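So the structure is just underneath, and the comments pick up after that.
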Amino acid sequence: MTHQQPTLRASTLADPGRQVAQLRYVLLLVEEIAGRVGGGRDEDAALDEAALIGAAYGHALPIDRRRFDAFAAITAAWAAAGVEALLAHEGREQPPRAAAARLGEEIRLALKALTAIL
C-alpha cells in the first residue's frame, strides 16, 4: 500500500488592498447610476490607498485581520446584490437614482469601517 502526501494549498485570502479597490470601483459605478457625476478616482491615489491598506493589514493583529476579512466579504456580497438589483432596472425610463444613492452611501460607510478596523 502506498502513502500519498496531502496536497498543500496556498492561502486563498484575497489581497485586502485589492478588496478595497474593488469596492471603490463599485462605488463609482453606483454613483454613476445615481446621477452623481464626479471626476474619476485618481489612479495614483487608488494605488497608494491599496498599498496603505495592505501594509496596515500586514501589521494588524490576527483578530483584526479576521474582522477585516469577514466584514469585507459581507460588504462585497451585499454590494454585489445591490448592484444586481440596480442593473435589473436598466433600460427603464427612470433609473433608480435614490436607491443607487443610498447604496453608495452604505458602501462609503463600509469602506470607512474597513479602514478603521486596521
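The values are calculated or read from the model by the stated rules, or taken from the named source; none is laboratory data. Treat the numbers as computed from the prediction; the structure is a model and nothing was measured. Cβ coordinates were reconstructed from backbone atoms using ideal geometry, including for glycine residues, and neighbour counts include every protein chain displayed.
Does Glu31 fit the bill of being on the phi < 0 side of the Ramachandran plot and within 15 Å of the chain's Cα centre (by Cα)? Yes, satisfied. Within region 59-80, if we keep just the residues that are surrounded by 11 or more Cβ atoms within 10 Å (Cβ to Cβ) and of a type in the set (Gly, Ala, Ser), the residue that is nearest to Ile107 (Cα to Cα) turns out to be Ala79. Within region 81-96, the residues that satisfy the criterion of being surrounded by fewer than 16 Cβ atoms within 10 Å (Cβ to Cβ) and assigned to a helix (DSSP H, G or I) are Ala81, Glu84, Ala85, Leu87, Ala88. Given (1) at pLDDT 90 or above; (2) out of contact with any helix residue (DSSP H, G or I) (no Cβ under 8 Å at 6 or more places or on another chain), where does Pro16 come up short, assuming only one miss? Condition (2) is where Pro16 drops out. Restricting Arg36, Arg67, Arg92, Arg24 to residues that are modelled with pLDDT of 95 or more and of a type in the set (D, E, K, R) narrows the list to Arg67.
Scanning region 57-76 for residues being closer than 20 Å to Glu31 by Cβ and free of Cβ contacts under 8 Å to residues at least 12 places away in the same chain gives a total of 0. When you scan region 43-51, do you find a residue that is modelled with pLDDT of 90 or more and surrounded by 16 or more Cβ atoms within 10 Å (Cβ to Cβ), even just one? Checked region 43-51: no residue is modelled with pLDDT of 90 or more and surrounded by 16 or more Cβ atoms within 10 Å (Cβ to Cβ). So if I check each of Ala46, Ala56, Ala70, which one is over 14 Å from Leu114 (Cα atoms) and in a helix (DSSP H, G or I)? Among Ala46, Ala56, Ala70, only Ala46 is over 14 Å from Leu114 (Cα atoms) and in a helix (DSSP H, G or I). Scanning region 107-118 for any residue that is among the basic types (Lys, Arg), assigned to a helix (DSSP H, G or I) and either loosely packed, with under 11 Cβ neighbours inside 10 Å or in contact with a strand residue (DSSP E or B) (Cβ under 8 Å, 6 or more places away or on another chain) (or both) turns up at least one such residue.
Kindly establish whether Ala99 is within 21 Å of Gln19 (Cα to Cα) and either in a loop (DSSP other than H, G, I, E, B) or free of Cβ contacts under 8 Å to residues at least 40 places away in the same chain (or both). In short, no.
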